[in-house]
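Please treat every number below as a calculation from the coordinates, not as lab data. Because the structure is predicted, anything quoted here is derived from the model rather than measured. All Cβ positions, even for glycine, are placed from backbone atoms using ideal geometry, and neighbour counts span all protein chains on display.
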Amino acid sequence: MEQQTMSGSINVQDIPVVHNPRVTGGEVACLWSTFQQYTMLSCVFSYFERTVQDQEIKAIISDLMPRFSSRTRFAADIFRKEGIPIPMGLTDQDVNPDAPPLFSEIYILHFLKNMIRVSLTLNTLYLNISSRPDIRDFYTGVLQEILEINTRAIDLMLSKGVLPRPPYLSLALEIERVHEPSFLAGFLGEKRPLLTMEVAHIYQNALSNEVGRALLMGFRQVSRNREVQDYFEKGMRLADNIIRELLQLTRDQQVYPTLVHDEDITACTEAPFSDKLMMAMTALLNSIGIGMNGVAMGVSMRHDLHALYAKYMTQIGRYAEEGAKLMIANDWLEEPPQILDREKLAVYKH
């Protein structure tokens with residue numbers, strides 16, 4: 001295509017196109033969450049780095065620390081260039097690295113593995129939301145780093161004999177089509193055996209709740225705020241109930257999964273983290289818990305499982321709302337970016 005000018009014709013295809021898009025609202029949300037997540041994990045793992053004695057575990061944590069800092073710097077740099085306020089996040093004031101160990105080193109490995117799963121979920125979502133090349137490249141790099149750490153963590157847990165695994169199952173030997181709607185039933189009459197995919201999600205949700213329950217037990221032990229202690233205790237009871245109901249589903253079919261146990265909590269009573277940080281970590285796990293139950297519901301085909309996961313999502317949602325109100329009351333909840341309220345700007349002036 002040619003465009004005629006006074007001096008002749010110009011081929012517009014030869015003109016370099018410079019596209020420098022603004023950051024989108026979705027990208028702002030992703031980067032804001034990234035900043036919050038990794039300032040929090042920087043605090044948590046700086047404490048673990050000081051207390052862990054096992055050199056193999058310490059090596060993984062030491063490699064994580066500069067990566068966390070790099071991710072928060074990237075988000076802050078984007079905000080700065082775009083004229084967007086940089087979030088507060090969590091700071092050195094929210095961690096006491098000199099506190100004695102609160103969790104065993106094996107539990108720290110379980111916590112690390114759970115955080116890897118959380119980070120894979122969140123950063124995959126952020127990559128899908130992002131469109132600007134530099135932000136897409138950033139989340140692609142983050143995911144590559146997480147996959148590398150995941151391999152190292154799994155290999156280390158395997159070498160120490162502490163990697164929880166989904167249960168081994170005896171499988172049907174014939175390939176069949178589904179012929180009856182009763183395949184979907186689960187409330188009345190005879191229930192079909194669980195599908196392997198259903199067992200996998202039952203196990204992963206039970207395991208995540210067990211890791212989270214132990215974390216809340218440690219948090220309750222060191223918090224000095226009675227309301228916060230009560231909140232963590234309520235979360236422990238909720239996790240206990242979810243674990244019990246999920247495992248009963250497998251035990252009804254003579255399948256007995258192995259989870260993590262809470263003897264990994266020490267007798268430490270000196271808080272390594274602020275109540276603000278512990279509440280923020282709980283809020284993050286609540287949001288992931290709701291999402292994982294939604295995924296489990298989506299891949300399950302028995303009606304009773306749908307109802308069970310819907311119940312858990314409602315219960316966790318209510319628990320998360322109670323936590324948010326507690327954080328607001330203590331001035332711990334930072335407001336996420338929101339759309340400009342033009343109704344307030346459009347004030348009638350005489």
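Descriptive notes on the structure:
- In a DSSP loop and with at most 15 other Cβ atoms within 10 Å, the trypsin sites (Lys or Arg not before Pro) in region 206-256 are 224.
- Angle between the chain longest axis and helix 196-222 axis [Cα atoms, degrees, rounded to 10]: 90
- Computed over neighbours whose Cβ is under 13 Å from that of residue 95, the net charge equals -4, Lys and Arg +1, Asp and Glu -1.
- Put simply, the amide H of residue 103, placed in the peptide plane, has neighbours under 5 Å in 266, leaving out anything fewer than 5 places away on its chain.
- Summed residue charge, Cβ within 9 Å of residue 235's Cβ, Lys/Arg positive, Asp/Glu negative: +3
- For residue 91, the amide hydrogen comes within under 5 Å of no other amide hydrogen, counting only partners 5 or more places away or on other chains and with H modelled in the peptide plane.
- Less than 5 angstrom separates the built amide H of residue 273 from those of 96, all sequence-distant by 5 or more or on a different chain.
- Rounded to the nearest whole Hz, the Karplus-based 3J(HN,Hα) values (6.51 cos²θ - 1.76 cosθ + 1.60, θ = phi - 60°) of region 85-91 follow the sequence x, 7, x, 7, x, 9, 10, with x at glycine and proline.
- Shown in residue order for region 32-37 are the 3J(HN,Hα) couplings computed by the Karplus curve 6.51 cos²θ - 1.76 cosθ + 1.60 at θ = phi - 60°: 4, 5, 4, 4, 4, 4 Hz (x for Gly and Pro).
- For region 284-291, 3J(HN,Hα) computed residue by residue from phi via the Karplus equation (6.51, -1.76, 1.60; θ = phi - 60°) reads 4, 5, 4, 5, 5, x, 4, x Hz, glycine and proline entered as x.
- Whole-Å semi-axes of the ellipsoid equivalent to region 223-262 (Cα gyration tensor, √5λ, descending): 29, 10, 4
- The loop-placed chymotrypsin sites (Phe, Trp or Tyr not before Pro) in region 291-350, going by DSSP, that have at most 12 neighbouring Cβ atoms within 10 Å of their Cβ come out as 348.
- Helix axis angle, 105-129 relative to the chain longest principal axis, alpha carbon, degrees: 40
- Applying a threshold of 31 Å to the alpha-carbon distances of 113/325; 58/311; 191/311; 58/81; 160/191 flags 58/311; 58/81; 160/191 as lying beyond it.
- Extension gain, residue 81 back to residue 307 (0.36 nm per residue minus Cα-Cα distance, nm): 76.7 nm
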